[in-house]
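Everything below concerns the one structure shown next.
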Amino acid sequence: MRLRMDERRHGGCRRRIVATKSDTTNGDKNPNINTNSVIKKLQSREVSSKPHRAFVAATAPHRFQNMRLTHQFDTHDSKDRSSPKPFLPFLMKRTKIVEIVAAKNVVFGLAHSGLCAAFSRETNERICFMNVSPDEVIRSLFYNKNNESLITVSVYASENFSSLKCRSTRIEYIKRAEPDAGFPLFQSESLKWPGFVEFDDVNAKVLTYSAQDSIYKIFDLKNYTMLYSISDRNVQEIKISPGIMLLILNRASGHIPLKIISIEDGTVLKAFNHLLHRNKKVDFIEQFNEKLLVKQENENLQILDVRSSELMEVNKTQFMTPSAFIFLYENQLFLTFRNRTVSVWNFRGELVTSFEDHLLWHPDCNTNNIYITSDQDLIISYCKADSEDQWMEPNAGSINVSHILTGKCVAKINAANCSTKVDDCNNTCSCKHTDSSQITSSVAEALEDITALFYDEDRNEIYTGNRHGLVHVWSN
């Protein structure tokens, strides 16, 4: 999976979904198994300065210290009579949760198979499946806060799973179990490989790329009207920042041409060439407001101020190429992820924070297991448990909450400190299911192999999904 974490994903986020290269189904196989088919980015946020930041930081431990496992939802139900029949065979198999989104008291769990279920936090029952067609495989979810709707990005068996289709459904319709009341988006666009659609909550824009005619288009996320298009076959990649977009053109022998344009109307604000070392591959080029970050293989990190043309370098021994980024627009900082560790940097190339207790569980820095709060003060991740808890429950990790500016672990949910069991029922979560074959989980089991994580800031609840297709609710 190709990663650029300058976004889960929730609140102010960007999410790009790329069409698959070809029909990868091979009978009943799930097209989602091709992990190179999706580009996911972590949260990129731009929020106004909050005067209560210090208060929020001080109260963070209290928000999380009493978290307990309270409910369990199951996305898998082969005997559900309300679902469209017949589903594709692989949709009926139990697979891991790959995405969780929550809004307006509704929790959505997307399984690796492509089956997506909606659950009510008011009744704690499954409302419906979001797959409105028997051959629909949902690839990704995006909550559009501008009109309180869920956007689903899907592929269909009838099209060999090769073309992306988008649909917008208002939450109020989903609450009434009417997922088919939504309407299609971007029908004029051919989103076949290597085409894509990218949702940017920061600027309230949607970027699409039609590979058929090599045209990028910008749409308004509020009403889905097209604003303008970019038809330049030399454009190799587009990176989005608040208010602007960076166009990366095809590389020349000793430099790479770049353009900065206004995201509102496409006006070119600056065009320039950035010098490169010949015959060395580019590890990454990232744009953060007026700062341009460029890193080539075995070379120093370059930080260019595109307004003043001031260039500074960070020694390659101090800054090694990370697997992913998160840009913190509020704090003018960025996070890097490398070898399960998280670090905080400023744009002078200085290491600001190293986290004291935040060793990520997944070595590939799974974007679904990290959440940045909208104030950009806390990071919530699925982490390796400490030695004591690991001795007790060797297969269980922990949900760690850390303060971004200090690196301190302010709260942790693990099998040891979350000993109060749901309903005090023999160490298990005995929650109401619509599935006739009820599944129960202990706290330790719920903390095993978490594959997706979401924090609902309105309800102060954490939702986690696992390899069995279960979604667990952690609440106080």
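Taking only protein heavy atoms and a 1.4 Å probe, the accessible area of the stretch 186-247 is 42% carbon and sulfur. Think of a 1.4 Å ball rolled over the protein heavy atoms: the stretch 240-373 then has 43 Å² of accessible area per residue. Compared with the alpha-carbon gap, the fully stretched path from residue 234 to residue 173 is longer by 17.7 nm at 0.36 nm per residue. Under 5 Å from the amide H of residue 364 lies no amide H of any residue 5 or more positions distant or on a separate chain, with H modelled from the backbone and absent for Pro and chain starts. Backbone phi angles across the stretch 155-170, fed through the Karplus curve with coefficients 6.51, -1.76 and 1.60 (θ = phi - 60°), yield HN-Hα couplings of 10, 10, 4, 5, 10, 6, 6, 10, 10, 7, 10, 10, 9, 10, 10, 5 Hz in residue order; Gly and Pro are listed as x.
Computed over the Cα atoms of the stretch 92-225, pair by distinct pair, the Kirkwood hydrodynamic radius stands at 15.3 angstrom. Packing, as the average of other Cβ atoms within 10 Å across residues, places the peptides 135-143, 323-331 in the order 135-143, 323-331, highest first. Rg/Rh for the stretch 201-250 (Cα atoms only, Rh after Kirkwood) is 0.96. Computed from the C-beta positions of residue 318 and residue 277 and an R0 of 25 Å, the FRET efficiency is 0.85 to the nearest 0.05. Here the Karplus curve 6.51 cos²θ - 1.76 cosθ + 1.60, taken at θ = phi - 60°, turns the phi angles of the stretch 242-258 into couplings of x, x, 9, 10, 9, 9, 9, 8, 4, 5, 8, 4, x, 7, 10, x, 10 Hz, with x standing for Gly and Pro. Computed over the stretch 287-351, the P(r) curve from all C-alpha pair distances, binned at 10 Å from the origin, holds 21, 58, 20, 1 percent per bin.
Close amide H contacts of residue 333 (hydrogens built in the peptide plane, cut-off under 5 Å, sequence separation of 5 or more or a different chain): 328. Amide H to amide H, with H built 1.01 Å from N, residue 68 comes under 5 Å of 475, 476, counting only residues 5 or more places away or on other chains. Rounded to the nearest whole Hz, the Karplus-based 3J(HN,Hα) values (6.51 cos²θ - 1.76 cosθ + 1.60, θ = phi - 60°) of the stretch 464-470 follow the sequence 10, x, 10, 5, 8, x, 9, with x at glycine and proline.
Structure note, pairs 222/408; 96/175; 165/205: Cα-Cα distances above 29 angstrom occur for 222/408.
The values are calculated or read from the model by the stated rules, or taken from the named source; none is laboratory data. The model shown is predicted, which means the values in this text are computed figures rather than measured ones. Cβ sites come from the backbone with ideal geometry, for glycine too, and all protein chains shown count toward neighbours. All accessible areas refer to the heavy atoms of the entire protein, side chains included, with ligands and DNA or RNA removed. Shrake-Rupley method; radii C 1.70, N 1.55, O 1.52, S 1.80 Å.
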